[in-house]
Amino acid sequence: MRKGNLFVISGPSGAGKGTLVARLLERVPGAWVSISATTRAPRDGEVDGVHYLFKTDAEFDALIASGGLLEWASVHDHKYGTPRSLVEEHMAAGDQVILEIDVQGAFQVKEKDPDAHLVFIEPPSLEELEHRLRGRGTEREEDIVLRLRNAELELSRKMEYDIQFVNDDIDVCTDELVAYIERQATI
Ligand code: 5GP
């Protein structure tokens, strides 16, 4: 059995984290991605328990109070957090555990588990990021502005991560990310 490892994947909204994670789940044996809890409303097509665990503010606060979250943060005016117990179970089972979370959450995880590997996914440029966010068509204008402002804040902390990958070409970036995870998993 391989050793369980914790990988945190952060990067601005629109950097392509979701696609990268979906691809690495298919390629890395024993890879498992945590489903976060959030107070954000579901977007069209998002399913409770698949994309997120959608919670009311009161439900989310109860999760915090019971110690049920490994980390949590307010991102783009909503709360997001990682349920603790499944992460611990999958680590113990020797899986490669993936958390797709923001920079605030990433540093909370690193503080609790210094062995966690922090991976930052960068867009090729802020212009390209804006283009992708608008092309996605899932956000209102004010949300796009908020996400772009937040992107600059997130990018300012990228050098505090263990490794950074630029997602210019999704195939190349997937290969780099998979190779990195495989390398850590076999150390
Ligand atoms: P979105 O609303 O686009 O799904 O996600 C917005 C941001 O919240 C993304 O940057 C994502 O990484 C972050 N996020 C998602 N789940 C979590 C979580 O469990 N904890 C933290 N800290 N951030 C999260």
Counting only helices (runs of 4 or more DSSP H) entirely within the range 25-116, those with at least 1 residues that are aromatic (Phe, Trp, Tyr) are 57-65, 103-112
For the range 99-128 the number of residues that are within 17 Å of residue 155 (Cα to Cα) and either in contact with a helix residue (DSSP H, G or I) (Cβ under 6 Å, 6 or more places away or on another chain) or among the acidic types (Asp, Glu) (or both) is 10
Are any of the residues in the range 101-115 more than 22 Å from residue 16 (Cβ to Cβ) and within 9 Å of the ligand (Cβ to nearest atom)? yes
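For the range 117-135, indicate whether the set of residues that are over 25 Å from residue 173 (Cβ atoms), more than 15 Å from the chain's Cα centre (by Cα) and either surrounded by fewer than 17 Cβ atoms within 10 Å (Cβ to Cβ) or in contact (Cβ under 8 Å) with a residue 24 or more places away in the chain (or both) is non-empty. Can you show your working first?
Going through the range 117-135, the residues over 25 Å from residue 173 (Cβ atoms) turn out to be none.
No.
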Filtering the range 147-164 down to residues that are of a type outside the set (Asp, Glu), at pLDDT 90 or above and assigned to a helix (DSSP H, G or I) yields 148, 149, 150, 151, 153, 155, 158, 159
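One line per residue, one yes/no per condition, for (1) at pLDDT 95 or above; (2) more than 12 Å from the ligand (Cβ to nearest atom); (3) not small (Gly, Ala, Ser):
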{"residue": "22", "(1), (2), (3)": "yes, yes, no"}
{"residue": "25", "(1), (2), (3)": "yes, yes, yes"}
{"residue": "33", "(1), (2), (3)": "yes, no, yes"}
{"residue": "39", "(1), (2), (3)": "yes, no, yes"}
{"residue": "47", "(1), (2), (3)": "yes, yes, yes"}
{"residue": "57", "(1), (2), (3)": "yes, yes, yes"}
{"residue": "62", "(1), (2), (3)": "yes, yes, no"}
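When residues of the range 1-24 are filtered for being assigned to a loop (DSSP other than H, G, I, E, B) and open to solvent by less than 30 Å² (accessible area, probe 1.4 Å), how many remain? Quick ask: steps written out before the conclusion?
Pass one, the range 1-24, residues assigned to a loop (DSSP other than H, G, I, E, B): 1-4, 11-16.
With the extra rule that they be open to solvent by less than 30 Å² (accessible area, probe 1.4 Å), the set shrinks to 4, 11-16.
Counting residues in the range 1-24 that are assigned to a loop (DSSP other than H, G, I, E, B) and open to solvent by less than 30 Å² (accessible area, probe 1.4 Å) gives 7.
The values are calculated or read from the model by the stated rules, or taken from the named source; none is laboratory data. Small disclaimer: the values here were computed from a predicted structure and weren't measured. Glycine gets a Cβ as well: all are built from the backbone with ideal geometry, and neighbour counts include every protein chain shown. Just so you know, the surface numbers come from the protein's heavy atoms only, side chains and all, with ligands and any DNA or RNA stripped out. Shrake-Rupley method; radii C 1.70, N 1.55, O 1.52, S 1.80 Å.
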